[in-house]
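See below for the structure under consideration.
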Amino acid sequence: MQAIDNVLTRIENALAALSLISVFVMMLLVSADAVSRYLFNAPLQVQYEFTTYYLMVISILPALSWTYRMQGHIRVNLLELMMPTGVRVAWRLISLFLSFLLFAAITWYSGIFAYEVWADGDALFGVIDWPVWLARIWVPLGTGVLSLRLAFDLIETLIAMGRGDSGALLERIDAFDEIAQAQATSGERDRTAS
C-alpha cells in the first residue's frame with residue numbers, strides 16, 4: 001500500500017505544481033495585459049481567452065487531490081465531532097464511498113465529453129482558434145486522480161477495520177478533527193481579541 005501511496009503522492013505533487021505554475025502565468029499575463037493596455041494602448045489579444053478557458057481551469061482542477069490529501073478542503077464537521085468513535089468510522093466510510101462514486105462519475109462523463117470535443121475538432125474561435133479539448137481534459141484528469149485518492153483512502157480504512165487497528169483507523173479522521181478544532185479555537189481567540 002505504501003508504494004501505491006508514494007506513486008499517487010508524486011502524481012498529486014506534480015499536478016499541484018502545474019496548478020501553481022498556471023496561477024503564476026495567469027498573474028504575469030493579466031499584469032502584462034494591464035500594462036500594455038494602459039501604457040501602450042495595445043492590449044494582449046490572446047490573454048483573455050487563454051486565461052479564462054485554460055489557465056483558470058488548470059489552476060484549480062489538477063490540484064483537487066493534493067488539496068484533499070493536505071486536508072485543505074472546507075469541512076463542516078460540527079456533528080461529526082460529537083459522534084462516538086464507531087459512528088465516526090462508519091460516517092467516514094460512507095462519505096469516502098459516496099465521494100468516490102461522485103468523482104468517478106464526473107471523471108467518466110467529463111472524459112467522454114473531452115474525447116468527443118477532441119474527436120470533433122471543436123475550437124473556440126477568436127484571435128487564435130483554441131482547441132476545446134485542451135480546456136476540457138483537466139476535469140477528468142483532476143477528478144480522476146481525486147477518485148484514485150478517495151479509493152485508496154477507502155481501501156486503507158477497510159483494511160485497518162479488518163485488522164481491528166482502531167488507532168490507525170482513527171489517525172486520519174483525528175487529523176481532520178484536530179485541524180477543525182484548531183481553526184475553531186483560533187477563530188474564538190480572534191473574536192475575543194477584537
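The values are calculated or read from the model by the stated rules, or taken from the named source; none is laboratory data. Quantities reported herein were computed from a predicted structural model and do not represent experimental measurements. Quick reminder, even Gly has a Cβ in these numbers, built from the backbone with ideal geometry, and neighbours come from all protein chains shown. For accessibility, only protein heavy atoms count, side chains too; no ligands or nucleic acids. Shrake-Rupley method; radii C 1.70, N 1.55, O 1.52, S 1.80 Å.
Note on the stretch 1-152: along the principal axes its Cα atoms extend 65, 37, 31 Å, ordered by decreasing extent. Model label points for Arg10 and Met56, set 7 angstrom from Cα along the Cα-to-Cβ axis, are 3.5 nm apart.
The residue list Ala90, Phe100, Val117 was ranked by how far each Cα lies along the charge dipole of the stretch 33-145 toward its positive end, using unit charges on Cβ atoms, and Ala90 comes out on top. Summing +1 for each Lys or Arg and -1 for each Asp or Glu, what net charge is found among the other residues whose Cβ lies under 12 Å from the Cβ of Leu15? My count for the surroundings of Leu15 gives +2.
Close amide-amide hydrogen proximity is noted between Ala123 and Val132, each under 5 Å apart and 5 or more residues distant or on a separate chain (H modeled in the peptide plane; Pro and chain starts excluded).
Applied to the stretch 105-113, the Karplus parametrisation 6.51 cos²θ - 1.76 cosθ + 1.60 on θ = phi - 60° returns per-residue 3J(HN,Hα) values of 5, 4, 4, 4, 6, 6, x, 4, 5 Hz, with x for Gly and Pro. Here the Karplus relation 6.51 cos²θ - 1.76 cosθ + 1.60, evaluated at θ = phi - 60°, turns the backbone of the stretch 87-97 into coupling constants of 5, 4, 5, 4, 4, 4, 4, 5, 5, 5, 5 Hz, with x for every Gly and Pro. For Ile112 and Val30, a Förster radius of 25 Å and the Cβ-Cβ distance give a FRET efficiency of 0.15, rounded to the nearest 0.05. Assuming R0 = 35 Å, can you tell me the calculated FRET efficiency for the pair Ala105 and Gln45, based on Cβ-Cβ distance, to the nearest 0.05? Approximately 0.40, to the nearest 0.05.
Debye calculation, C-alpha points only, no solvent: report log10 I(q)/I(0) for the stretch 28-113 at q = 0.11, 0.14, 0.19, 0.21 Å⁻¹, in the same order as the q values. Each listed q corresponds, in turn, to -0.57, -0.73, -0.97, -1.07.
Under the combined filter of DSSP loop state and at most 12 neighbouring Cβ atoms within 10 Å, the stretch 71-171 retains these chymotrypsin sites (Phe, Trp or Tyr not before Pro): Phe125. Of Arg75, Arg88, Arg10, Arg69, the order by accessible heavy-atom surface (1.4 Å probe, DNA, RNA and ligands excluded), from most exposed downward, is Arg10, Arg75, Arg69, Arg88. In this structure, Ala123 and Tyr38 have a Cβ-Cβ separation that, at R0 = 30 Å, corresponds to a calculated FRET efficiency of about 0.45. Against the compact-protein benchmark of 2.2 N^0.38 Å, the Cα-based radius of gyration of the stretch 1-61 scales to 1.56.
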